[in-house]
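The values are calculated or read from the model by the stated rules, or taken from the named source; none is laboratory data. Since the structure is predicted, the reported quantities are computational estimates derived from the model, not experimental observations. When we count neighbours, we look across all protein chains shown, and the Cβ atoms used for this are built from the backbone with ideal geometry, even at glycine. Areas reflect the complete protein model, heavy atoms only, side chains present, ligands, DNA and RNA absent. Shrake-Rupley method; radii C 1.70, N 1.55, O 1.52, S 1.80 Å.
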Amino acid sequence: MTERRGRRAWQLPRGLRIGVAATGLLGGLVVGGRAIGGVPALGPLLDPVHGILASAATTELAPGESQALGGLGDSVVVRYDDRGVPHVFARRTLDAVRAIGYVQARDRLFQMEMTVRAAAGTLTELVGARALPADRSARRRGLAAAAEARWAALPDTNEVRRLLTAYSDGINTWVDQMPETALPVEYRLLGARPRAFRPQDTFYMLSVMAQTLSYRDDELRREAVEALIGAEATAALFPVDAPIQEPIIPVPGRLAPRFLEVAFPAPVAPTAARVADARRATATRDWLGGPSLLSDEAVVGSNNWAVGPTRTASGRPLLAGDPHLQLTLPSIWYELHLVTDSLDVYGVTLPLSPFPSIGFNRDVAWTATNTGADVVDFYRETVDDSVAPTRYRVDGVDRPVTAEIVAFLDRGGDTLAVDTLYRTHRGPLLRSPMGWVSMRWTALEPSNEFAGFWGALRATSTDSWYEAMRPFRVPAQNFLVADRAGHIAIRSVGRFPIRPGDGRGDRVFDGSRGASDWLGDLPSERIPQVRDPAQGYLASANQQPIDPATDRTYLGWDWPTPWRAMRINEVLRADAAMTPEKMSATHTDPRSPLTAAILNQVRASVGVRPDAPAAAQDALRVLNDGWDGRFAVESSGAVLYDALLTAITDLTWDEFLAPDDTTDRRVATPSSMMLVRLFGDPTAAWWDDRRTTDRVETRDDIVIAALERAWLRTGSTYGDSPANWRWGAVRQANIRHLLELPGFGRESIPMQSGPGTLSPNDGRGVHGASWRFVVELGDSLRAWGTYPGGQSGNPFSSRYADRLPDWQRGALAPLRTPRTPEALGTARSTLTLRPAAAR
């Protein structure tokens, strides 16, 4: 089943991806060596020096190399281990970050430029007019303006400014010095050259991540839902509090999830006016996202957990991280080890940042999951002009609208389009099918995430790590930390707005009232946090952080399902002698508590209906006798179960289809958590399928009909014999190149994953575990990790996708942490960067 939850992630528009792929690979569009319709001529692409074949000549690292790097105060040694990880050794941190800029650009230059342009809204200048919808959406959101404002706020003498300046200088040195054969193949296919990089580009990258991890327009989805089914039903199916509580912050003495009392009011009957309102809200949501720039994604979620020394076999603390993001080649992460006079840190960094976002030093390890906090609000504004407003009204007083005219350029510098961007005191003012709507979003306001990470790298304890992260405000993250003294802790680090009235933000506000504005932010002592819980372990998987019986402070609503959190806690509660090997195996654990909840109801429904159709009886027999509930790649029962879950969902939530809608696109879909709770009310109005006018269905009717449908559809799709069904042929990972260039991705990878497991998959396989690692802290340091892809961004390199086999089977590789260059032993390559004046 694909569980649509309204989370959104950045990707290039489909037309752009296809267009660029065609540019590189459809030679039929080239006639007589001349480009047609913007497609580069084939002849230059095949040139052995300047064409795409040249990229194949620079695929591997040289055994030894020495280069001059301007601005260095002393030499820097970069040793690459057998996995292609650069270990950067420098006396001064400033020299190290300059070297990291050089090294990252050598491996990931095109990816770095795409990231900046995605935030800046200048993709058209690189790839042409097909990117115009994406660029317009990015500029409407205001990410570039926020990045520039954060950079401008740094004093000239600020340490972060000096570090990022050195880092961008390193990038530009590589761009200026790289041989023609090292130009990334994507530039060749586009007929383009790299842009110059700036220190503030790191803030652009952070803006992209803030969009991925904190932008939510669910209030607009809620508007559409309320229009279709009514406010009371909406509040029940998309609640502020999750009806199954397995919170991040442990409740002392509780050893199982808590089930809240729930009721399911009947939906209101749709009217023409309500349907029209729903369509306007849905259209507004689509419009704000931009055509194909953002798309609904299944909740694939992230996981992390830590175990204190009293519950590990070694008596040392263990920490595991498992952030899930979009899967791309090159990977979203870049792995590195940095050693200076004041630092010794290992982890994964986002290209365009010199420091790890997730990682460890000799004393502390840290990782994160997304909080899912509500940090975006929308306001219906009253403006003086419905086409080009100059003023908006608040509390009866007109205020000026700020307007900025922006141009979108093509690859040749010609103007493709001109837009006017409007702003209120809240943020961007957007014209939409619902009228003029302004947006307030924490990602557009002051923050300095880089300063937080810079301080945290030098922490020596959980307490000092969190203290260093005080500047970090966006996107709010559940940072899990362990230290070698044996402490484990978790805190939701970031900014949480305080709203007026009941404090909730699950609605569109009246912008004409100043009382609708935020009142401030939650103080640090009120955000979710705990250190050294009595149970001896901690786990987070995007679930609601605090049980509302403990604290009713509003942080968000319509929380992700708790199945992953429940499974991690099951594993940790059952084992008081945890080891790194067990932690690693848990990353790809093939079970989910959701499975038992669904199958128990199916068995009960068939059990009270001896006259159930033969197909339903056959299906249940396979699920009972032929499946152990594990989503292993060889499983046949998992194929049938997945079809069953999809069928139950489709048959149950017909109320979310607008009348006369022929697209079968639901306005929203309540989570599987709500479906499981609905099982407790066998005659609820929601079980009745409005599309059948001759009867009123009950729970058992729907469950049996879904079982029959699943059996028939699975047989027609995969063959009549369950022996021929194979989960690995159904649920696969598809890791595509950034531009979806055919042959540059790795697709149809069978995966041990399933609905509600720790490694879920939405069916398309384009999201998943982006980095898995385990750290054991103590007198000595041990760590293991991997990610889907490789260190190089060159599709012809052996380092482009060499980690995929380990990632696919859930294996982690030892991470090497030498204190000196010599301690690494045999190196794959050694790069010596020397001051430019040296000879």
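Overview of values
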quantity: From Asp241, Asp286, residue being open to solvent by 10 Å² or more (accessible area, probe 1.4 Å), in a loop (DSSP other than H, G, I, E, B) and among the acidic types (Asp, Glu); calculated: Asp241
quantity: Any strands (runs of 3 or more DSSP E) falling wholly within the stretch 330-415 and containing at least 2 residues that are over 18 Å from the mean Cα position of the chain (by Cα) and hydroxyl-bearing (Ser, Thr, Tyr); calculated: none
quantity: Conditions (1) of a type outside the set (A, V, I, L, M); (2) closer than 30 Å to Gly810 by Cβ; (3) open to solvent by less than 10 Å² (accessible area, probe 1.4 Å): number failed by Glu634; calculated: (3)
quantity: The listed residue being part of a strand (DSSP E or B) and either modelled with pLDDT of 95 or more or within 30 Å of Leu777 (Cβ to Cβ) (or both), out of Asp419, Asp463; calculated: Asp419
quantity: Every pair of residues 6+ apart whose Cβ atoms lie under 7 Å, when the first sits in the stretch 76-99 and is more than 22 Å from Val160 (Cβ to Cβ) while the second is assigned to a helix (DSSP H, G or I) and modelled with pLDDT of 95 or more; calculated: Val78/Ala99; Val78/Val103; Arg79/Leu824; Asp81/Leu824; Pro86/Val103; His87/Leu824
quantity: Where a residue in the stretch 345-370 is more than 20 Å from Leu538 (Cα to Cα) and its partner, wherever it lies, is open to solvent by 10 Å² or more (accessible area, probe 1.4 Å) and acidic (Asp, Glu), with Cβ under 7 Å and at least six apart; calculated: Asn361/Asp344; Arg362/Asp344
quantity: Breaking point among (1) touching a residue at least 24 places away in the same chain (Cβ under 8 Å); (2) touching a helix residue (DSSP H, G or I) at 6+ places or on another chain (Cβ under 8 Å), for Tyr466; calculated: (2)
quantity: Test result for Phe472, touching a Ser or Thr at 6+ places or on another chain (Cβ under 7 Å) and either closer than 21 Å to Ala373 by Cβ or of a type in the set (S, T, N, Q) (or both); calculated: no
quantity: Boolean, Ala476 is within 19 Å of the chain's Cα centre (by Cα) and in contact (Cβ under 8 Å) with a residue 60 or more places away in the chain; calculated: yes
quantity: Qualifying residue in the stretch 669-681 (condition: under 19 Å from Pro243 (Cβ atoms) and open to solvent by 60 Å² or more (accessible area, probe 1.4 Å)); calculated: yes
quantity: Total residues in the stretch 594-608, condition over 17 Å from Ile244 (Cα atoms) and either of a type in the set (A, V, I, L, M) or under 32 Å from the mean Cα position of the chain (by Cα) (or both); calculated: 5
quantity: One residue from Asp551, Asp558 being on the phi > 0 side of the Ramachandran plot and not in a strand (DSSP E or B); calculated: Asp558
quantity: Residue among Ala604, Ala615, Ala585, Ala619 that is closer than 28 Å to Gly810 by Cβ, assigned to a helix (DSSP H, G or I) and modelled with pLDDT of 95 or more; calculated: Ala585
quantity: Close pairs (7 angstrom Cβ cut-off, 6 or more residues apart or separate chains): over 17 Å from Val676 (Cα atoms) in the stretch 213-242, of a type in the set (Ser, Thr, Tyr) anywhere; calculated: Ser214/Thr442; Leu220/Thr284; Arg222/Thr234; Ala224/Thr282; Val225/Thr234; Glu226/Thr234; Val240/Tyr554
quantity: Breaking point among (1) open to solvent by 30 Å² or more (accessible area, probe 1.4 Å); (2) in contact with a helix residue (DSSP H, G or I) (Cβ under 7 Å, 6 or more places away or on another chain); (3) charged (D, E, K, R), for Asp506; calculated: (1)
quantity: Checklist (1) in a loop (DSSP other than H, G, I, E, B); (2) open to solvent by 20 Å² or more (accessible area, probe 1.4 Å); (3) among the basic types (Lys, Arg); (4) closer than 29 Å to Trp287 by Cβ applied to Arg470, failing item; calculated: (4)
quantity: Tabulated pairs, the stretch 516-535, first of a type in the set (Lys, Arg), second assigned to a strand (DSSP E or B) and surrounded by 12 or more Cβ atoms within 10 Å (Cβ to Cβ), C-beta under 7 angstrom, 6+ apart or interchain; calculated: Arg531/Ala489
quantity: Evaluation of Asp558 against (1) farther than 26 Å from Phe378 by Cβ; (2) open to solvent by less than 20 Å² (accessible area, probe 1.4 Å) (one fails), failing number; calculated: (1)
quantity: Pair list, Cβ under 8 Å, 6 or more apart: the stretch 811-835 residue closer than 23 Å to Phe360 by Cα and open to solvent by 60 Å² or more (accessible area, probe 1.4 Å), other residue of a type in the set (D, E, K, R) and in a strand (DSSP E or B); calculated: Pro814/Arg782; Arg819/Asp344
quantity: Residue list for the stretch 257-273, restricted to those being modelled with pLDDT of 90 or more and either open to solvent by less than 40 Å² (accessible area, probe 1.4 Å) or touching a helix residue (DSSP H, G or I) at 6+ places or on another chain (Cβ under 9 Å) (or both); calculated: Pro257, Phe259, Leu260, Val262, Ala263, Phe264, Pro265, Ala266, Pro267, Val268, Ala273
quantity: Every residue from the stretch 687-724 that is under 14 Å from Leu645 (Cβ atoms) and open to solvent by less than 30 Å² (accessible area, probe 1.4 Å); calculated: Ile702, Val703, Ala706, Leu707, Ala710, Thr714
quantity: Elements of type strands (runs of 3 or more DSSP E) in the stretch 727-773, at least 1 residues being in contact with a His (Cβ under 6 Å, 6 or more places away or on another chain) and either surrounded by fewer than 24 Cβ atoms within 10 Å (Cβ to Cβ) or not β-branched (Val, Ile, Thr) (or both); calculated: 767-769
quantity: Unique residue being open to solvent by 40 Å² or more (accessible area, probe 1.4 Å) and either out of contact with any helix residue (DSSP H, G or I) (no Cβ under 7 Å at 6 or more places or on another chain) or free of Cβ contacts under 8 Å to residues at least 24 places away in the same chain (or both) when the list is Ala549, Ala565; calculated: Ala549
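Yes/no per residue for (1) of a type in the set (A, V, I, L, M, F, W, C); (2) assigned to a helix (DSSP H, G or I); (3) closer than 30 Å to Met566 by Cβ:
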{"site": "Trp151", "(1), (2), (3)": "yes, yes, no"}
{"site": "Ser168", "(1), (2), (3)": "no, yes, no"}
{"site": "Arg188", "(1), (2), (3)": "no, yes, no"}
{"site": "Ile248", "(1), (2), (3)": "yes, no, yes"}
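The rows are residues; the columns are (1) under 28 Å from Met674 (Cα atoms); (2) modelled with pLDDT under 90; (3) open to solvent by 60 Å² or more (accessible area, probe 1.4 Å); (4) of a type in the set (Phe, Trp, Tyr).
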residue	(1), (2), (3), (4)
Ile249	yes, no, no, no
Arg254	yes, no, no, no
Ala298	yes, yes, no, no
Ser302	yes, no, no, no
Ala306	no, no, no, no
Pro317	no, no, no, no
